[in-house]
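The values are calculated or read from the model by the stated rules, or taken from the named source; none is laboratory data. Source: prediction; values computed, not measured. Note that we place each Cβ from the backbone using ideal geometry, even for glycine, and neighbour counts take in every protein chain shown.
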Amino acid sequence: MSKLKVALIFGGRSGEHEVSRNSAYTVAQGLKQNYDVFPIGIAKDGQWYGPIPLSEIPVFTPEKFNEHKITILPIPATNGTIYSLPDLKPLAKAQVFFPVLHGTFGEDGTIQGLFELAQVPYIGAGVLASSAGMDKVIMKNLFAQAELPQVPFLPFLRKEIEKDLQTVLQKIEADLGYPCFIKPVNLGSSVGISKASTQEQLKSALLTAVHYDRKVIIEKGVEAREFEISVLGNDEPIVSLPGEIVPGNEFYDYQAKYINDNSTLYVPARLEEGPMQKMQDLAIKAFKAIDCSGLSRVDFFITKDTQEILVNEINTLPGFTAISMYPKLWEHSGISLEYLTSKLVKLALEHFAEKSKNVTTFTSYEQDR
Ligand SMILES: Nc1ncnc2c1ncn2[C@@H]1O[C@H](COP(=O)(O)OP(=O)(O)O)[C@@H](O)[C@H]1O
Ligand SMILES: [Mg+2]
């Protein structure tokens, strides 16, 4: 039997373009035994290129592939066909699409919308879960609805901050106090995030954050240890043991994540059975709260003074590099990279089959009865 073709999509129009290349390279290593991998690189301007040789995924830049511009079309009849540009000749047909894209235009529901229109199976969260997971305010409102414990927060629009900074400052000081964290609502990788301990710092942090997004979230700062749990599955997901991160910088900022390499990961986390299980239970609740599917990493705090477990966030396309927490936690739980990536493909096909049961027109339902 011939192998299924998996279109592996990486790069993209996001601040996490480079991280995505490294994640995709790891995913490709997991897939290549069992699948026919068709790597597609999305350049920073949004142009698609492919196939990219596996070994070039980590260093992909578009210049070398100018003759290999490609696209898919947002219509079901094309059945996963990948076309060359500009002549629109069929080049290959993928049975499943694997976006390994972090951040904007990849993790936020936009490319998932394209897959839905094209009616092709794809790995990971759908449109709703992706966009809900990406917007920190919507995510936290859904978590609050599901009664998950989290830090107090306040959302503001860029317009409000620009129009009446004084009122915004007063509200933050009255409701949250210092230290607080200021974040653009729709970014990842700690981009645009600052910690403020004084009004001066808060002002400048707000101005930084509005630079990145029309919405900003301010959170009460907690002194806490940080933990992460990997989730895998659709309607009945399984969870890994937690891992712990000890950031090398004052908090787990962009530098600590990708540049300094001075953070320490503990796999598994140094935690007692009780809090460990509670955290695992919360990870599943967080996954379900945004109606997620496929995979996610749920991140937690445990406050140093009261030992309270708080959900920080869910990442629907977590880092997947060779040293990332998501695959590492599974490896520790006895799930190899090869098994993990195959399982993700199977979950995508199952989820697609489940959605395909939905009747989309009134008349066809009536006729079937
Ligand atoms: N409310 C908070 N209290 C204490 N530390 C925080 C808080 N929010 C964020 N941090 C620190 O900032 C890091 C990045 O914040 P996070 O919300 O996870 O953003 P991103 O989505 O970019 O990863 C966290 O890993 C943690 O180190
Ligand atoms: Mg984070």
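Structure notes:
- Selection count where residues are more than 14 Å from ligand 1 (Cβ to nearest atom) and buried (at least 19 other Cβ atoms within 10 Å of the Cβ), scope segment 291-317: 4
- If you filter segment 236-290 down to residues that are without any contact (Cβ under 8 Å) to a residue 60 or more places away in the chain and basic (Lys, Arg), you find that the one that is farthest from ligand 1 (Cβ to nearest atom) is 278.
- Any hit, segment 236-251, residues being of a type in the set (Gly, Ala, Ser) and in a helix (DSSP H, G or I): no
- Hits in segment 166-206 - residues which are more than 16 Å from ligand 1 (Cβ to nearest atom) and either without any contact (Cβ under 8 Å) to a residue 12 or more places away in the chain or in contact with a His (Cβ under 8 Å, 6 or more places away or on another chain) (or both): 166, 167, 170, 174, 200, 204
- Single condition residue 245 does not satisfy, out of (1) over 24 Å from residue 197 (Cβ atoms); (2) of a type in the set (Val, Ile, Thr); (3) surrounded by 16 or more Cβ atoms within 10 Å (Cβ to Cβ): (1)
Yes or no, residue by residue, for (1) among the aromatic types (Phe, Trp, Tyr); (2) buried (at least 16 other Cβ atoms within 10 Å of the Cβ); (3) more than 24 Å from residue 343 (Cβ to Cβ):
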| residue | (1), (2), (3) |
| --- | --- |
| 65 | yes, yes, yes |
| 88 | no, no, yes |
| 98 | yes, yes, no |
| 102 | no, yes, no |
| 111 | no, yes, no |
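- Some residue of segment 5-18 being modelled with pLDDT under 95, not assigned by TED's automatic domain parsing to the domain that holds residue 327 and not in a loop (DSSP other than H, G, I, E, B): yes
- The condition (being under 15 Å from residue 235 (Cα atoms) and not basic (Lys, Arg)) is satisfied by just one residue among 294, 319: 294.
- Unique residue being basic (Lys, Arg) and either surrounded by 14 or more Cβ atoms within 10 Å (Cβ to Cβ) or within 16 Å of ligand 2 (Cβ to nearest atom) (or both) when the list is 163, 171: 171
- Residue within segment 203-222 that is closer than 22 Å to residue 286 by Cβ, in contact with a Gly (Cβ under 8 Å, 6 or more places away or on another chain) and either at pLDDT below 95 or in a strand (DSSP E or B) (or both) present: yes
- Candidate set from segment 322-342 (those that are of a type in the set (Ser, Thr, Tyr) and within 15 Å of ligand 2 (Cβ to nearest atom)); member that is farthest from residue 261 (Cα to Cα): 326
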